[in-house]
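A.B. asks: Handing you this structure, nothing more for now.
Read the figures in this text as sums done on the coordinates, not as results from a lab. In this text, all values refer to a predicted model and were calculated from it rather than measured experimentally. As a convention, Cβ positions derive from the backbone with ideal geometry for all residues, glycine included, and neighbour counts pool all protein chains shown.
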Amino acid sequence: MLFFNELSFWERKEYLNGIDFAIIGSGIVGMTTAIFLKKRLPSAKITILERGYLPTGASTKNAGFACFGSPTELFDDLQKIKEEQVWETFLLRYKGLQTLFSLVEKEKINYKPCASWDLIAENQDSVSTDFISYLNDKTRSLIGETSVYSEDKSILTYFGFQGFKTAFKNRLEGSIDTGKLITELYKNTVEFGIQTLFGINLESYTEAINEVNLNTNFGELKCAHLLVCTNGFANKFLQEDLQPARAQVMITKPIHDLKFEGTFHFDAGYYYFRNIENRILIGGGRNLNFEGETTEKFGKTDQIQDSILNLLKENILPTTVFEIDYSWSGIMGIGQEKSPIIKKVNNRVAFGVRMGGMGLAIGSEVGKKLANIF
Ligand SMILES: Cc1cc2nc3c(=O)[nH]c(=O)nc-3n(C[C@H](O)[C@H](O)[C@H](O)COP(=O)(O)OP(=O)(O)OC[C@H]3O[C@@H](n4cnc5c(N)ncnc54)[C@H](O)[C@@H]3O)c2cc1C
């Protein structure tokens, strides 16, 4: 292990000296911030510092839903959050997807405009037709699209699901290949001349008159501006309504003759599943133990893994033999409020964090805004 003060003249000149913007975190937000900054300030030296050998939060671990709002989740949000704020966040997610597609070609990230369905269990309250009309009125006025939401019971028998009484379709949602997205964004950063140093953990920072001093696991580093894009891991630097939230996911082995294609939400967005070719990726169950899942530690619990498996066996694939291949977890950043925090804390330091459960959608719009903050 070589500390910064043991590096050569060339290494210091090329990688460490004269950093105009240090961006912490190489997830969607960190990379899109760097790209938009470089577009705005082509001669700036921009360096991303990432603690992992890969991005190690949520951006390479998520379910790949290109989504911006399902009826039961929006209904749930409207009970807890001000109406204006719910629609502001909705719009940010919708715009975020368009921003993302302006950076990466849809074909390269395997985007599928497959639609999504919000499934309502037999023992759950459904949303009313008036609420669906309200959603369609709102979406028409905000994004200019008509009849985005509709009831679609036929999907239940068509795909062979059990235990659900109805489903609501969002015709504009889709899916992407999460791994390909991160690879494409990374390629973009390299083409723009943005450096990423992997394995560097920011431990603390102090602001001086003309610079920011970064204290890392390899020693001290200086930059003119610091942009922190560490989402669920940012609460050690920022005292705000922000907590880490673990999400657990599993994937089946390939299933012969898998009947369905699409993205599906259930239980106000707390569960979600989709096909990836002939496998099913399924996650959720954080609502079974909010306290236990408010953690920045990766890991799995029997309680949540069992609940996901049960949903798969009883409701999604009730007549199909399948095997689980493996499971994993990722860490999101959430708060009481669902909107992201895009905030300048002083003249040289800013944060773009709290992406919630739809950071794939909202992330690049946050990157775009953060890139204009100084
Ligand atoms: C299981 C799961 C499923 C999801 N499914 C979806 C979905 O289908 N659709 C959707 O829109 N969203 C989904 N999300 C949410 C989405 O993935 C996130 O909101 C988004 O990836 C957040 O991006 P980010 O760049 O803000 O954070 P991250 O991707 O977490 O990136 C932060 C980076 O900062 C690094 N870091 C942290 N601390 C430090 C430090 N001190 N020094 C250096 N580096 C540091 C981390 O290693 C990490 O790479 C899901 C999330 C999870 C966990």
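A.B. asks: Based on DSSP, what percent of beta bridges with both residues in the chain are antiparallel, to the nearest 5?
C.D. replies: Given both bridge residues lie in the chain, the antiparallel proportion sits at roughly 70 percent.
A.B. asks: Modelling each spin label as a point 7 Å along the Cα-to-Cβ direction, I'd like the E191/D177 distance in nm, to one decimal.
C.D. replies: Taking the two extended label points, one gets 1.7 nm.
A.B. asks: Let me ask you something else. Checking the cross-link filter: which lysines have an alpha carbon closer than 25 Å to that of K153, excluding same-chain neighbours under 8 positions apart?
C.D. replies: Of all the lysines, those that pass the test against K153 - Cα under 25 Å, at least 8 places apart if same chain - are K112, K138, K165, K169, K259, K313.
A.B. asks: Separate question: Can you sort I109, I373 from fewest to most other Cβ atoms within 10 Å of each residue's own Cβ?
C.D. replies: The fewest-first ordering by Cβ neighbours comes to I373, I109.
A.B. asks: I would also like to ask the following. Find, to one decimal place in angstroms, the Kirkwood hydrodynamic radius of the stretch 243-334, where the mean of 1/r is taken over every pair of different Cα atoms and then inverted.
C.D. replies: The Cα-based Kirkwood calculation yields 13.5 Å.
A.B. asks: Test of understanding: ordering R140, R246, R354 by Cβ neighbours within 10 Å, fewest first, what list do you get?
C.D. replies: With the sparsest Cβ surroundings first, the list reads R140, R246, R354.
A.B. asks: Right, next: Over 24 Å, how big is the tail of the calculated P(r) for the stretch 1-113, in percent of all Cα pairs?
C.D. replies: Everything past 24 Å amounts to 47 percent.
A.B. asks: Which residue fluctuates the most in the chain, going by a Gaussian network model with Cα springs under 10 Å, if the choices are N346, N17, N217?
C.D. replies: Answer for the Gaussian network model of the chain: N346.
A.B. asks: May I ask you to list the aspartates and glutamates whose Cα is less than 17 Å away from that of K39, ignoring any residue fewer than eight positions away on the same chain?
C.D. replies: Answer for K39, where 17 Å is the Cα cut-off: D20, E184, E191, E365, listed by chain and number.
A.B. asks: Express in whole angstrom the spacing between the alpha-carbon centres of the stretch 291-349 and the stretch 69-87.
C.D. replies: If we compute the Cα centre of each part, the gap is 20 Å.
A.B. asks: Moving on to the next point. Name the lysines eligible as straight-distance cross-link partners of K297: C-alpha to C-alpha under 27 Å, and not fewer than 8 places from it in the same chain.
C.D. replies: By straight Cα distance, K297 reaches K61, K180, K236, K253, K338, K343.
A.B. asks: Tell me, what is the percent relative contact order of the stretch 160-232, built from C-alpha pairs under 8 Å that lie six or more residues apart?
C.D. replies: 15 percent
A.B. asks: Here's something else I'd like to know. Taking the Cα centre of the chain as the origin and placing charges on Cβ (Lys, Arg +1; Asp, Glu -1), which of T56, Y111, L202 is farthest toward the positive end of the dipole?
C.D. replies: Farthest towards the positive end: L202.
A.B. asks: Using the alpha carbon gyration tensor of the chain, what are the three equivalent-ellipsoid semi-axes (square root of 5 times each eigenvalue), largest first, in whole Å?
C.D. replies: Working through the eigenvalues yields semi-axes of 38, 22, 19 Å.
A.B. asks: Summing -39500 (n - 2.57) over the DSSP H runs of n ≥ 4 in the chain and dividing by its residue number, what mean residue ellipticity at 222 nm do you reach, to the nearest 500 deg cm²/dmol?
C.D. replies: Value at 222 nm, helices only: -8500 deg cm²/dmol.
A.B. asks: Which GluC sites (Glu not before Pro) from the stretch 173-226 combine a DSSP loop assignment with at most 16 other Cβ atoms within 10 Å?
C.D. replies: Here the GluC sites (Glu not before Pro) that fit, given the DSSP loop and packing criteria, are E211.
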